[in-house]
Amino acid sequence: MADVNTLEQEILGAVSMAPDEATLETVRVAALGKSGSISALLKTLGTLTPDERKAQGPLINGLKDRVTAALTTRKSALGDAALDARLASETVDVTLPVREAPTEAGRIHPISQVIDELTAIFADMGFAIAEGPDVETDDLNFTKLNFPEGHPAREMHDTFFFNPKPDGSRLLLRTHTSPVQVRTMLSQKPPIRVICPGRTYRCDSDQTHTPMFHQVEGLVIDKGSHIGHLKWILAEFCKAFFEVDDVKMRFRPSFFPFTEPSLEVDIQCKRDKGEIRFGEGTDWLEILGCGMVHPNVLRNCGIDPNEYQGFAWGMGIDRIAMLKYGMADLRAFFEADVRWLSHYGFRTLDLPTLAGGLSA
Ligand code: DAH
C-alpha cells in the first residue's frame with residue numbers, strides 16, 4: 001500500500017520536525033483528529049469487503065499505533081526541553097542580598113513617635129491640637145505671657161533674635177510653645193482644651209540641650225477648671241506614656257511669669273546602673289512645669305479672669321523620649337545618622353494607639 005507508506009513518512013517527518021508542543025498538537029490533530037488523515041483511512045474500512053479489510057486493517061491500525069507512539073515520544077522530548085529552558089532562564093541567585101521593601105526598611109524618628117504617642121493620649125482625654133509658627137513676635141513669645149519689658153525672666157531664655165526691623169521690633173525663634181497658648185486664646189472662646197506640640201529654640205548645646213528642641217504645651221480654660229483637674233490629667237498622662245500602672249508625682253513651688261501659682265512636677269523613679277525605671281523606687285525626676293494661668297495672661301488674650309480660669313503645662317518632648325526609650329545623648333536625635341535611626345526608630349506602620357499599645 002504505497003499511499004499508507006507515503007502518509008506514514010509524511011506524518012513521522014512532521015512529528016520529528018515539530019519545534020514545539022503547539023506545532024506537534026497541530027500535527028496530531030491533522031492525523032488522528034476527527035477529520036484527520038488516519039481517521040479518514042480508518043473510516044474506509046467499513047466500506048471494504050471482508051478480504052480487503054483483512055489486508056488493510058492491520059496496515060492502517062499499525063500506521064495509527066506507530067504515529068501515536070512517535071507523537072508520545074516527541075511530546076515528552078519537547079516537554080523536557082521546554083522545562084530545561086525554563087529552569088535555565090529562571091534561576092535565582094540565592095547568594096544575592098535580599099532588599100527589604102521600603103515600608104520595612106524605613107523608620108519613624110523617636111520624636112515623631114513620641115508626638116504621636118502623646119497626641120493619642122491627650123486626644124483620648126478630649127484635647128485638640130493647636131499649632132503656631134516657629135518664627136514669633138516678641139509680643140506673643142514674651143509680653144502677652146506676662147514677661148514685662150526688661151524683666152529678668154526674659155534673660156532665662158537664651159533667645160535667638162532676628163535683626164531689628166526699621167520700627168525697632170524684632171522677630172525671634174520661639175523659645176517655648178507657650179505663645180501657641182496665647183494664639184489659641186486670642187482666636188477661640190472658652191472652653192478651651194488643647195495641646196501644642198512643636199519645635200522650640202534656645203542658644204544652648206550640650207549632652208542634654210540642643211539649639212532646636214521640642215516641647216508640648218497643654219492649656220485648659222473653663223469656668224471651673226482647677227489644679228485638681230491638672231493633677232489628674234498629668235497623672236493619667238504619665239501612667240499612659242510610661243506604660244505603668246501607677247506613678248507618684250511631687251509638685252514643687254516654682255516661678256513662671258505666665259502662671260500663678262507655678263509648680264514644677266517630679267515623677268517617682270528608680271535609678272539603677274544608669275537605667276531609669278518609672279512607677280517604682282524612691283528617686284525623683286523633674287519632667288515639667290505647670291500652673292494656673294495668670295489673670296494678666298487671660299486679660300491680655302481678651303478673656304475675663306473673673307469669669308474664666310484655667311491651667312497650663314509645658315514639657316520637653318525630647319527629654320521624655322530620652323527617658324522612655326533610654327537614649328543618653330540628645331544631640332544624636334538631630335545628627336541624621338541612619339544607623340542610629342535604624343536602631344532607635346520605629347516601624348512605619350506601628351502607629352501608637354491607646355488600645356493597641358503605644359510603643360508595642
Ligand atoms: N514655657 C515654659 C518653659 O519653656 C514651660 C512651661 C511652664 C509652660 C509652665 C507652661 C507652664 O504652660 O504653665 O520653660
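The values are calculated or read from the model by the stated rules, or taken from the named source; none is laboratory data. Only a predicted model underlies this, so the values are computations on that prediction, with no experimental measurement involved. Here the Cβ is made from the backbone with ideal geometry for all residues, glycine too, and neighbour counts use every protein chain on show. Accessible surface areas use protein heavy atoms only, side chains included; no ligands, DNA or RNA. Shrake-Rupley method; radii C 1.70, N 1.55, O 1.52, S 1.80 Å.
Quick rundown of the values:
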| item | result |
| --- | --- |
| Filtered residues of region 261-279 (kept if farther than 27 Å from Phe147 by Cβ, buried (at least 18 other Cβ atoms within 10 Å of the Cβ) and of a type in the set (A, V, I, L, M, F, W, C)) | Ile267, Cys269, Phe278 |
| Count - residues of region 62-81 that are open to solvent by less than 70 Å² (accessible area, probe 1.4 Å) and over 17 Å from Thr23 (Cα atoms) | 2 |
| Helices (runs of 4 or more DSSP H) wholly inside region 280-360 that include at least 3 residues being within 16 Å of the ligand (Cβ to nearest atom), closer than 28 Å to Arg202 by Cα and open to solvent by less than 30 Å² (accessible area, probe 1.4 Å) | 317-325 |
| Pairs where the first residue, in region 341-354, is of a type in the set (Asp, Glu) and the second is open to solvent by 60 Å² or more (accessible area, probe 1.4 Å), C-beta under 8 Å, 6+ apart | Asp350/Ala360 |
| Which numbered condition Leu173 misses (of (1) open to solvent by less than 10 Å² (accessible area, probe 1.4 Å); (2) in contact with a Phe, Trp or Tyr (Cβ under 6 Å, 6 or more places away or on another chain)) | (1) |
| Any hit, region 215-223, residues being free of Cβ contacts under 8 Å to residues at least 40 places away in the same chain, of a type in the set (Asp, Glu) and within 30 Å of Leu341 (Cα to Cα) | no |
| Residues of region 238-261 classified as over 30 Å from Glu155 (Cα atoms), without any contact (Cβ under 8 Å) to a residue 24 or more places away in the chain and not basic (Lys, Arg), total | 0 |
| Region 174-191, residues that are touching a helix residue (DSSP H, G or I) at 6+ places or on another chain (Cβ under 9 Å) and more than 15 Å from Asn300 (Cβ to Cβ) | Arg174, Thr175, His176 |
| Near pairs, Cβ below 7 angstrom, 6+ apart or cross-chain, from region 292-306 (in the same structural domain as Leu219 (by TED's automatic domain parsing) and under 14 Å from Leu219 (Cα atoms)) to any residue that is part of a helix (DSSP H, G or I) and away from the ligand (no atom under 15 Å from the Cβ) | Cys301/Leu186 |
| Search result, residues across region 38-60 that are of a type in the set (S, T, N, Q), open to solvent by 50 Å² or more (accessible area, probe 1.4 Å) and either in contact with a helix residue (DSSP H, G or I) (Cβ under 8 Å, 6 or more places away or on another chain) or not in a helix (DSSP H, G or I) (or both) | Thr44, Thr49 |
| Of residues in region 211-237 being within 36 Å of the chain's Cα centre (by Cα) and small (Gly, Ala, Ser), the one farthest from Pro152 (Cα to Cα) | Ala235 |
| Failed condition for Lys270, given (1) part of a strand (DSSP E or B); (2) closer than 19 Å to Val180 by Cα; (3) basic (Lys, Arg) | (2) |
| Residue list for region 82-107, filter: in a loop (DSSP other than H, G, I, E, B) and within 13 Å of Arg347 (Cα to Cα) | Glu100, Ala101, Gly106 |
| In region 70-117, the residues that are within 30 Å of His343 (Cβ to Cβ) and modelled with pLDDT of 90 or more | Arg107, Ile108, His109, Pro110, Ile111, Ser112, Gln113, Val114, Ile115, Asp116, Glu117 |
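Rundown of residues vs (1) at pLDDT below 95; (2) open to solvent by 20 Å² or more (accessible area, probe 1.4 Å); (3) more than 16 Å from the ligand (Cβ to nearest atom), yes/no style:
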| position | (1), (2), (3) |
| --- | --- |
| Gln215 | no, yes, no |
| Val220 | no, no, no |
| Ser225 | no, no, no |
| His229 | no, yes, no |
| Leu234 | no, no, no |
| Phe241 | yes, no, yes |
| Pro253 | no, yes, no |
| Thr259 | no, no, no |
